[in-house]
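Novice: What follows is a single structure, and I will ask about it in a moment.
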């Protein structure tokens, strides 16, 4: 054994296992053991296994988390392969969406501003240069234009990295990084590296079926276009105008997977109450004379406007008078104005037009005419606790609950002062809830109605009379992957109608029949199905496939990822083993018409096609055979212990095989022989049970650690009589098979080079226990053999 040392420490045992790993991988790939072909007959239950791992996004290298997660599928697939099942484990690479494009554009902005390679200024230099542009008066920012409220140096000082630094962290030299300004360069660079990493990991993958997404792969592009056409023809895709979380920098909606922060945040709709300033205007507002000028307050409770006594402004707050149309001007914060400008409430769409900058002090004491208020005139007054990152910075005052309610809730929650912010927030929530659910309207047109019934009626009345408008903003702060703060926009988009009643019921029935191995997982799916209604399936920025009937839009990155498992079944036929679909193939991308896809995947009639009938039938057979998916933290001390244990076991087996002639011949006859035989059988039974339940840690324990403990106990118990040759050979055979799903390189080495077996252990089939000798529980757990 090698005695090479590093830093005085021997790595010979590790290097031995790495050498075995490399040799066995070459042995597997030379013999194409992972290339799966369909059988000639429809498989019975357990005869085939198709496992899928969610394809990773290719905006960087794979990391240890990917390896940890995929190991679960690898173990399961290897176990089924060992049992003799026909196993298909493919792997592909997801490139659709905006992160790659956003990163490429960010890199281009850095090069444009700071040079190639970029020389970023120090924090002090950039603070002096004050590069941050104004937001409120800009037009819609193009995705390729630099815009940030934070300086690059400030971002770096807070722990953020420039895109150039991120690329350097991948080990890329500066001359290579510059190439990544082109988005498609990412697609040619990272997927092949990921494939090599997974091959080195030992993944038992049929790499012929590997592919990338986007229009760079013309076959997958055709597949997604067919999918979208199919859904639209079924009436499952509609166009609608809705409030959507939106990135002004990217110029498109920002779904959960497009966000750096704010996952799960939805648009919050308000009613914007128009409180008209009564002329004559004060000197500061004289420039606005001739227009209708309103303080605009956002409220969730329009039915309470009857009780307004005044409105509040933040004295130190920054406000603006923004032109909504030819006649109307709203006074509010610029953040709210930006949201409004994307909701068809700005004279110039998507560009807030500020006629006058104001402070809260300029607004104090203004006489106002407010909708529904019993007082003909109310006034704006100062309040120091207003937050300008929520609503419009203008707050209506409706002291509707009275002193008795206030006293009770303060006593119940033990509120001592106005500084008990959390308790005050809870008090507000409780009183609002009580008033809404149990309250009755005492005044106005809807007097006598329950509050929750009157609210939508009053809301409609205000909107129809032009006394209010709808306004929406994110519930909480959302930052896109491009780094800008998101707003809410009113957008025309294509939506998949997942909430359609019959379709949803089919999904719920399917879920209840699924084995998710964990009730928590099933509950998570149930929750998603409960709220999933219309899913926006189109985007205007990024990489991907164009919507076939509306090519200004791209198919968004989750909507092109719902059926890719089906594509695996025929990818090798279409792409000839090339992940980009660019090699010579017997089929041309343009020949894959919707009729051909229907024939292959949906049982449609045989199409009129230039594709040979034999290939059409082969694709259909592949899909029908594989159709139906099957269920499917690093510590160095643990790794070192595993290395030691495996290499010690190799040494022990080599010694046993060398001393084979000295072992006791004949069938197992002693009590110790029978106990050990039972332990072997027991390990097979338990390990099979654990593998079937995808409990891989328990399978490793029973099939390796417990089995070795039984072997050690047997060796100790045999004494001078010696160990039985047949039993030891059965032990080595069984242990090698049971550990093969988890340590396949090691097991294949033992099988091929030590035990001199034919074929591959990873396809050897499971060992069967002998029922006549299997006891109800492990004998070594109830007796100690002396």
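The values are calculated or read from the model by the stated rules, or taken from the named source; none is laboratory data. What you see is a predicted model, and the numbers here were worked out from it, not measured in a lab. Note: ideal-geometry Cβ built from the backbone for every residue, glycine included; neighbour counts use all protein chains shown.
Novice: Taking the conditions exactly as written (touching a strand residue (DSSP E or B) at 6+ places or on another chain (Cβ under 6 Å), surrounded by 15 or more Cβ atoms within 10 Å (Cβ to Cβ) and at negative phi), does residue 724 satisfy them or not? Spell out the reasoning first.
Specialist: Numbers: touching a strand residue (DSSP E or B) at 6+ places or on another chain (Cβ under 6 Å): yes; surrounded by 15 or more Cβ atoms within 10 Å (Cβ to Cβ): yes; at negative phi: yes.
Spelling it out, residue 724 is indeed touching a strand residue (DSSP E or B) at 6+ places or on another chain (Cβ under 6 Å), surrounded by 15 or more Cβ atoms within 10 Å (Cβ to Cβ) and at negative phi.
Novice: Let me spell it out: the conditions are (1) crowded, with 18+ Cβ neighbours inside 10 Å; (2) in contact with a helix residue (DSSP H, G or I) (Cβ under 7 Å, 6 or more places away or on another chain); (3) closer than 30 Å to residue 214 by Cβ, and residue 61 meets all of them except one. Which number is the exception?
Specialist: Here residue 61 meets the rest and fails (1).
Residues are listed down the side, and each one gets a yes or a no for (1) touching a helix residue (DSSP H, G or I) at 6+ places or on another chain (Cβ under 6 Å); (2) assigned to a loop (DSSP other than H, G, I, E, B); (3) at pLDDT 85 or above; (4) not assigned by TED's automatic domain parsing to the domain that holds residue 703:
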{"site": "616", "(1), (2), (3), (4)": "no, no, yes, yes"}
{"site": "624", "(1), (2), (3), (4)": "no, no, yes, yes"}
{"site": "643", "(1), (2), (3), (4)": "yes, no, no, no"}
{"site": "648", "(1), (2), (3), (4)": "no, no, no, no"}
{"site": "669", "(1), (2), (3), (4)": "no, yes, no, no"}
{"site": "672", "(1), (2), (3), (4)": "yes, no, yes, no"}
{"site": "677", "(1), (2), (3), (4)": "yes, no, yes, no"}
{"site": "680", "(1), (2), (3), (4)": "yes, no, yes, no"}
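Results for (1) closer than 30 Å to residue 103 by Cα; (2) within 21 Å of the chain's Cα centre (by Cα); (3) surrounded by 11 or more Cβ atoms within 10 Å (Cβ to Cβ), shown as yes or no for each residue.
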site: 501; (1), (2), (3): no, no, no
site: 505; (1), (2), (3): no, no, yes
site: 513; (1), (2), (3): no, no, no
site: 518; (1), (2), (3): no, yes, no
site: 526; (1), (2), (3): no, yes, yes
site: 531; (1), (2), (3): no, yes, no
site: 537; (1), (2), (3): yes, yes, yes
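Novice: Condition first: at pLDDT 90 or above, at positive phi and not assigned by TED's automatic domain parsing to the domain that holds residue 187. Can you find one or more residues in region 580-588 that meet it?
Specialist: Restricting attention to region 580-588, the residues satisfying the condition of being at pLDDT 90 or above are 580-581, 587-588.
Filter once more, so that each one left must be at positive phi: 581.
Imposing the further condition that a residue be not assigned by TED's automatic domain parsing to the domain that holds residue 187 reduces the set to 581.
Yes.
Novice: Taking the options 424, 470, name whichever one is outside the structural domain of residue 109 (by TED's automatic domain parsing), at pLDDT below 85 and closer than 22 Å to residue 270 by Cβ. Please lay out each step first, then the result.
Specialist: On the way: 470 fails: at pLDDT below 85.
Selected residue: 424, the only one of 424, 470 that is outside the structural domain of residue 109 (by TED's automatic domain parsing), at pLDDT below 85 and closer than 22 Å to residue 270 by Cβ.
Novice: Still on this structure, please answer the following. Of the residues 731, 716, 696, only one is modelled with pLDDT under 85 and within 45 Å of the chain's Cα centre (by Cα); which?
Specialist: On the way: 731 fails: modelled with pLDDT under 85; 716 fails: within 45 Å of the chain's Cα centre (by Cα).
Only one candidate passes the filter, namely 696.
Novice: In addition: So is residue 372 modelled with pLDDT under 95 and either surrounded by fewer than 16 Cβ atoms within 10 Å (Cβ to Cβ) or within 18 Å of residue 276 (Cα to Cα) (or both) or not?
Specialist: Considered against the rule, which asks whether it is modelled with pLDDT under 95 and either surrounded by fewer than 16 Cβ atoms within 10 Å (Cβ to Cβ) or within 18 Å of residue 276 (Cα to Cα) (or both), residue 372 comes out as yes.
Novice: Of the residues 283, 252, which is crowded, with 22+ Cβ neighbours inside 10 Å and either over 30 Å from residue 173 (Cα atoms) or assigned by TED's automatic domain parsing to the domain that holds residue 303 (or both)?
Specialist: Numbers: 283 fails: crowded, with 22+ Cβ neighbours inside 10 Å.
The match here is 252.
Novice: Among the candidates 733, 712, 706, single out the residue that is in a helix (DSSP H, G or I) and surrounded by fewer than 16 Cβ atoms within 10 Å (Cβ to Cβ). It would help to see each step written out before you state the result.
Specialist: Values: 733 fails: surrounded by fewer than 16 Cβ atoms within 10 Å (Cβ to Cβ); 706 fails: surrounded by fewer than 16 Cβ atoms within 10 Å (Cβ to Cβ).
Result: 712 is the single residue among 733, 712, 706 that is in a helix (DSSP H, G or I) and surrounded by fewer than 16 Cβ atoms within 10 Å (Cβ to Cβ).
Novice: Here's something else I'd like to know. For residue 610, work out the one condition from (1) farther than 22 Å from residue 36 by Cα; (2) modelled with pLDDT under 90; (3) in contact with a helix residue (DSSP H, G or I) (Cβ under 7 Å, 6 or more places away or on another chain) it doesn't fulfil.
Specialist: Tallying (1) farther than 22 Å from residue 36 by Cα; (2) modelled with pLDDT under 90; (3) in contact with a helix residue (DSSP H, G or I) (Cβ under 7 Å, 6 or more places away or on another chain), residue 610 fails exactly one: (2).
Novice: To continue, here is another question. Can you go through 187, 172, 203, 231 and tell me which one is more than 21 Å from residue 542 (Cα to Cα), modelled with pLDDT of 90 or more and not in a loop (DSSP other than H, G, I, E, B)?
Specialist: Numbers: 187 fails: more than 21 Å from residue 542 (Cα to Cα); 172 fails: not in a loop (DSSP other than H, G, I, E, B); 203 fails: not in a loop (DSSP other than H, G, I, E, B).
Criteria check complete, one pass: 231.
Novice: So for region 27-47 (the condition being modelled with pLDDT of 90 or more, in a helix (DSSP H, G or I), touching a helix residue (DSSP H, G or I) at 6+ places or on another chain (Cβ under 9 Å) and more than 30 Å from residue 563 (Cα to Cα)), does at least one residue qualify?
Specialist: yes
Novice: While we're on this one: Which of the residues spanning region 318-346 are surrounded by fewer than 19 Cβ atoms within 10 Å (Cβ to Cβ) and in contact with a helix residue (DSSP H, G or I) (Cβ under 9 Å, 6 or more places away or on another chain)? Explain how you work it out, then say what you get.
Specialist: So in region 318-346, the residues surrounded by fewer than 19 Cβ atoms within 10 Å (Cβ to Cβ) come out as 318, 325-327, 344.
Hit for region 318-346 is 318, nothing else.
Novice: Checking the structure you have, find out if any residue of region 241-256 is modelled with pLDDT of 95 or more and either touching a helix residue (DSSP H, G or I) at 6+ places or on another chain (Cβ under 6 Å) or part of a helix (DSSP H, G or I) (or both).
Specialist: no
Novice: Can you name every one of the strands (runs of 3 or more DSSP E) wholly within region 435-544 that holds 3 or more residues which are under 30 Å from residue 227 (Cα atoms)?
Specialist: Values: elements: 468-474, 487-497, 534-536.
Per the criteria, 487-497, 534-536.
Novice: Kindly indicate the residue of region 262-275 that is out of contact with any helix residue (DSSP H, G or I) (no Cβ under 9 Å at 6 or more places or on another chain) and under 10 Å from residue 476 (Cα atoms) and also modelled with the lowest pLDDT among those meeting that condition.
Specialist: The selected residue is 266.
Novice: Turning to a different aspect of this structure: In region 583-613, which residues are under 29 Å from the mean Cα position of the chain (by Cα) and surrounded by fewer than 17 Cβ atoms within 10 Å (Cβ to Cβ)?
Specialist: Taking region 583-613 first, the residues under 29 Å from the mean Cα position of the chain (by Cα) are 597, 601-602.
The answer is 602, and nothing else.
Novice: Also: If residue 216 satisfies every condition in (1) in contact with a strand residue (DSSP E or B) (Cβ under 7 Å, 6 or more places away or on another chain); (2) in a loop (DSSP other than H, G, I, E, B) but one, which is the exception?
Specialist: (1)
Novice: Among the numbered criteria (1) surrounded by 22 or more Cβ atoms within 10 Å (Cβ to Cβ); (2) farther than 20 Å from residue 292 by Cα, which single criterion is violated by residue 381?
Specialist: Here residue 381 meets the rest and fails (1).
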